[in-house]
Amino acid sequence: MENVKRIIVPTDGSGHADIAVERGLSLAKALKKPVVVLYVVDRPGFQAFPPESLLVDVSDLVRKEASAVLAKIEARAKTIGVDVKSEVHEGHPAEEICRTAQPDDLIVIATHGRRGLSRMLLGSVAESVIRHAPCPVLVIRHGKT
Ligand SMILES: Nc1ncnc2c1ncn2[C@@H]1O[C@H](COP(=O)(O)OP(=O)(O)OP(=O)(O)O)[C@@H](O)[C@H]1O
Ligand SMILES: [Mg+2]
């Protein structure tokens, strides 16, 4: 663990992700490592429509939501004294998470996110990150310590 350079914490702004973020920040504090918090703006269902055909730019709304989520996490990191950098990417969430991580990073991710179907063992983003990440992945289960 002492060889880890950065802790990458992806978030979709959900309660499940909040728990993983808190864990990631605590771990970063203990290991004295910097954190990168990443929010991926995903719009698969809307790519079929040209942007001008939509009354509101959905990705714009999601970007605003992302900024609010990340600002809150930055404030939290500052309070506990963790060096944090936040990033908003657009694209496929798992691909962007895996592209951001380097082999000497550690990804801290929750089992579930916005959809939160707990009867499933893992959400699709979490599963794909575990399969394809270039570095170790720490998976946080809701309600388990
Ligand atoms: N758009 C995203 N940007 C950054 N991190 C994300 C994003 N979506 C999911 N994640 C990360 O993956 C974790 C698991 O979410 P995931 O999307 O796999 O589960 P789900 O939303 O419950 O199910 P699914 O999306 O497969 O229906 C989230 O808590 C978050 O840490
Ligand atoms: Mg999801």
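The values are calculated or read from the model by the stated rules, or taken from the named source; none is laboratory data. Computed from a predicted structure; not experimentally measured. Here Cβ is always computed from backbone atoms with ideal geometry, including for glycine, and neighbour counts include all displayed protein chains.
A few points about this structure:
- Only a single item in (1) within 16 Å of ligand 2 (Cβ to nearest atom); (2) modelled with pLDDT of 95 or more is not met by residue 36, and it is number (1).
- Any pair with Cβ under 6 angstrom, 6 or more apart, that starts in the range 56-68 at a residue that is of a type in the set (Ser, Thr, Tyr) and ends at one that is surrounded by 11 or more Cβ atoms within 10 Å (Cβ to Cβ) and not in a helix (DSSP H, G or I): 59/41; 59/43
- Residue check, residue 118 exposed (fewer than 15 other Cβ atoms within 10 Å of the Cβ), in contact with a Phe, Trp or Tyr (Cβ under 9 Å, 6 or more places away or on another chain) and either under 15 Å from residue 11 (Cα atoms) or at pLDDT below 95 (or both): no
- Selected residue (only one of 131, 99 is among the basic types (Lys, Arg) and within 16 Å of ligand 2 (Cβ to nearest atom)): 131
- Candidates 140, 109 - the one that is more than 11 Å from the chain's Cα centre (by Cα), within 14 Å of ligand 1 (Cβ to nearest atom), aliphatic (A, V, I, L, M) and modelled with pLDDT of 95 or more: 140
- Filter result for the condition that a residue is in a loop (DSSP other than H, G, I, E, B), modelled with pLDDT under 95 and of a type in the set (Val, Ile, Thr), over 56, 62: 56
- With respect to being on the phi < 0 side of the Ramachandran plot, within 15 Å of ligand 2 (Cβ to nearest atom) and surrounded by fewer than 19 Cβ atoms within 10 Å (Cβ to Cβ), residue 74 falls outside the description.
- Reported count of residues in the range 1-31, each being modelled with pLDDT of 95 or more, more than 15 Å from ligand 2 (Cβ to nearest atom) and not β-branched (Val, Ile, Thr), is 12.
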